[in-house]
1. If I filter segment 341-385 down to residues being surrounded by fewer than 23 Cβ atoms within 10 Å (Cβ to Cβ) and of a type in the set (V, I, T), which single residue comes out as farthest from V419 (Cα to Cα)?
2. From T155, T150, grab the single residue that is buried (at least 22 other Cβ atoms within 10 Å of the Cβ), modelled with pLDDT under 95 and either of a type in the set (S, T, N, Q) or in contact with a strand residue (DSSP E or B) (Cβ under 8 Å, 6 or more places away or on another chain) (or both).
3. State all residues of segment 437-470 that are of a type in the set (K, R) and assigned to a helix (DSSP H, G or I); if no residue qualifies, say none.
4. Within segment 197-214, track down each residue that is out of contact with any Leu (no Cβ under 9 Å at 6 or more places or on another chain) and part of a loop (DSSP other than H, G, I, E, B).
5. What are the pairs, 6+ residues apart or on separate chains, where a residue within segment 257-274 that is closer than 13 Å to G382 by Cα and in contact (Cβ under 8 Å) with a residue 24 or more places away in the chain has its Cβ under 8 Å from a residue that is β-branched (V, I, T) and outside any strand (DSSP E or B)?
6. Quick one: which residue in G207, G161 is touching a Pro at 6+ places or on another chain (Cβ under 9 Å) and either of a type in the set (D, E, K, R) or buried (at least 23 other Cβ atoms within 10 Å of the Cβ) (or both)?
7. From the list L319, L297, L309, L288, which residue is under 18 Å from T234 (Cα atoms) and either modelled with pLDDT under 95 or of a type in the set (A, V, I, L, M) (or both)?
8. Could you say which residue among F254, F243 is aromatic (F, W, Y), in a helix (DSSP H, G or I) and surrounded by 20 or more Cβ atoms within 10 Å (Cβ to Cβ)?
Amino acid sequence: MAVRESVIEALKAAVGPKGWIEDQAGKAPYLADERGLYQGESPLVLRPASTEEVAAVVRICSDAAVGIVPQGGNTGYVGGSVPRESGEEVVLSLGRMKRVRDLDPLDYTITVEAGCILAEVQRAAAEAERLFPLSLAAEGSCQIGGNLSTNAGGTAVLRYGNARDLVLGLEVVLPDGRVWDGLRRLRKDNSGYDVKQLFLGAEGTLGVITAAVLKLFPLPGESCTVLVAVADPTAATALLARFRAESGDAVTSFEYLARSCLDQVLEHLPGTSDPFDQAYRHYILLELAKGGAEAGLRDLAETVLSEALEAGEAHDAVLAASAAQADSLWRLREAIPEAQKRAGGCIKHDVSVPVSRVPEFLERATVLAERVLPGVRVAPFGHLGDGNIHFNLTQPKGTDAQDFLRHSEEITRRVHDLVRDLEGSFSAEHGIGQLKKCELQRYRPAVELELMSAVKRAIDPKGIMNPGKVL
């Protein structure tokens, strides 16, 4: 059913003349997802400038039973932030709400609105000589509200945890338009249910996050970035254990790159170069960080690498000698998604298994993929330190992308079945959205799904919050 004109006019009035977009060209960026998998429709994109305006919008939609699709930077991979094709939902973009409301260096907290770009939150913290550690490839365009709504992961999870681990308090507009002010800065608060956790990772299906109190940390006094050519994934896990033990757990990032990923980056992205004189099959990009001026991380890294070379775990290594060289090594890792996009059709898997079972997963999943899809270019990479691997498959050269992508459902089911056998998850950090709803039903126990549905019904009885997503 189309949204009534009277409702449209009321929504426009609620956000003012600068707070809505109605023409098709203006709406277009808000209606398509990052990967081009979903194209939705909506009569109106709303861009409120305050929590009060968000609450007014939600009240109007609640009264009229109109669906609301909350949207941050729209950088997600599972279609969770775009409306469906029916055109019966309005898009609620938080991009105008980008104030830093408070920064307290003594409390090690920063309070930000949902529309703040992640990189801007990092920058504000750094200017106060503090660290906000959430970091991912889209940090220049993704927004903190979306990061929290999807429980974003990224490259520093090993040391600092997922997005939900970085939150002390939230401000949320509930599905009936009431505002829950939970912007507490407390490190300890044992007063009943931890309500904020309901909204972290809920993908906008229970309410609209409008602001958050985030944890900050000391800026590292020293960091050390290393690219290591390892013998195999089993050797990589042994190397991780070595570095964690001998550094006092100073490992902030431990990223796996298959040679096929590096080849794609070198082929498709100008300005990149191979740091080694010869090709190896497996690489680890790791970063160490510690406070204090005398951390001695480079000496420690050299010692651990010597042990790993002697043990046959590592073949070669490059230690960044400057910030610029560290950036160039990180670019090789961060450019992988863009390189894979340019390399052709890509079937993506965002999975996690226990860290100790990553080598087994990579071996078995590669054999499986090559058996089902002869000639496929298996290009896995990701956060080996926390067990999250992006097991991506690129079409064979010289083949048609659409023909290749027709195998997505079959190969994805097989990969996810393997992940289940290894006690893992079919969605490590990208969420459910529209893409993985059937997977959630297939792989989660009935009692767990019943609990999720009960929470949804209790908080959003009219079902207006991000309808058609997750459940």
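The values are calculated or read from the model by the stated rules, or taken from the named source; none is laboratory data. Please read all numbers here as calculations on a predicted model, not as lab measurements. Virtual Cβ from ideal backbone geometry, glycine too; neighbours counted across all protein chains shown.
1. Restricting to residues being surrounded by fewer than 23 Cβ atoms within 10 Å (Cβ to Cβ) and of a type in the set (V, I, T), the top hit is V376.
2. Step by step, each of T155, T150 is checked, and only T155 is buried (at least 22 other Cβ atoms within 10 Å of the Cβ), modelled with pLDDT under 95 and either of a type in the set (S, T, N, Q) or in contact with a strand residue (DSSP E or B) (Cβ under 8 Å, 6 or more places away or on another chain) (or both).
3. Passing the criteria: K437, R442, K456, R457.
4. Residues satisfying the conditions are A202, E203.
5. L257/I336; C261/I336
6. From the options G207, G161, the qualifying one is G207.
7. L309
8. Going through F254, F243 in turn, the sole match is F243.
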